[in-house]
Structures are given as structure tokens and as C-alpha cells.
Amino acid sequence: MELNYVDEVVAVIPSNGLTDKTILKFKPDIFAKGGDRTIDNIPQEEKDACAEVGCEIITGVGQKIEGSSDILRRIIAARKILKLWGETKCQLN
């Protein structure tokens, strides 16, 4: 499947690490999930938010190249981010 048009891209409203709050605020017509996602592995909170606003869930969009956890690990290693006393501090060279 190909998505020809994107009306708007928004940042996720931070809360529980999911996108349910963002879905409820922006009420999209379509909620597209990446190539490794199926309806069975989308968090229930996101499915419930889509049902509440009436947006269609489309799964398997695009091809998964690299997971967000892998990207974050690489950034942490490259920037030597240290966790001290519950705060994230970035050590700059």
C-alpha cells in the first residue's frame, strides 16, 4: 500500500510512550503504523483511541529498516550520555 498524501506530521504528545493522546487530540482520518506492525501488536490504548475518533488503522506501511530502540542505543553510545541521579546528562567532547 502507498500513501500518496500526508496532510500534517505532528510530534507525539508525551505521556505513556504511546500515541493514544495524540490520536485523541488531532483526530486523524488514518493512523499508519510501520512495516513491523500488525493489528495484533498495536497497543490496545492506540486501538481504543482510533475507535473513539473513528480513524482507520493501516498497518505494514513501509519497510522497517532500523528500530527506534536500536537508534536510541546508537545515539547514547555516540554521545556518551550518562545517567546520574535519575537525570540524563550529555557529556560533550
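Can you find a residue in region 60-68 that is at pLDDT below 90 and part of a helix (DSSP H, G or I)?
Yes - at least one qualifying residue is present in region 60-68.
Can you tell me which residue is farthest from residue 60 (Cα to Cα) among those in region 17-49 that are hydrophobic (A, V, I, L, M, F, W, C) and part of a loop (DSSP other than H, G, I, E, B)? Break it down into steps so the answer makes sense when it comes.
If we filter region 17-49 for residues that are hydrophobic (A, V, I, L, M, F, W, C), which is where we start, we get 18, 23-24, 26, 30-32, 39, 42, 49.
Now narrow it down to the ones that are part of a loop (DSSP other than H, G, I, E, B): 18, 42.
Numbers: 18: 18, 42: 11 Å.
Among residues in region 17-49 that are hydrophobic (A, V, I, L, M, F, W, C) and part of a loop (DSSP other than H, G, I, E, B), the one farthest from residue 60 (Cα to Cα) is 18.
Cβ contacts < 6 Å: first residue open to solvent by 80 Å² or more (accessible area, probe 1.4 Å), restricted to region 45-63; second residue of a type in the set (A, V, I, L, M), any location; separation 6+ or different chain. Result?
Taking only residues 6 or more apart or on different chains, the pairs are 45/18; 56/30.
Cβ-Cβ below 6 Å, separation at least six or inter-chain, first residue in region 9-30 and within 10 Å of residue 49 (Cβ to Cβ), second open to solvent by 40 Å² or more (accessible area, probe 1.4 Å) and of a type in the set (D, E, K, R): which pairs?
So the pair list comes out as 18/45; 20/45.
I'm trying to understand the selection: among the residues of region 5-40, which are closer than 17 Å to residue 69 by Cα and in contact with a strand residue (DSSP E or B) (Cβ under 9 Å, 6 or more places away or on another chain)?
Passing the criteria: 19, 33, 34, 35, 36, 37.
The values are calculated or read from the model by the stated rules, or taken from the named source; none is laboratory data. Here the structure is a predicted model, which is why all the values come from computation and not from measurement. Cβ atoms come from the backbone with ideal geometry, glycine included; neighbour counts cover every protein chain shown. For accessibility, only protein heavy atoms count, side chains too; no ligands or nucleic acids. Shrake-Rupley method; radii C 1.70, N 1.55, O 1.52, S 1.80 Å.
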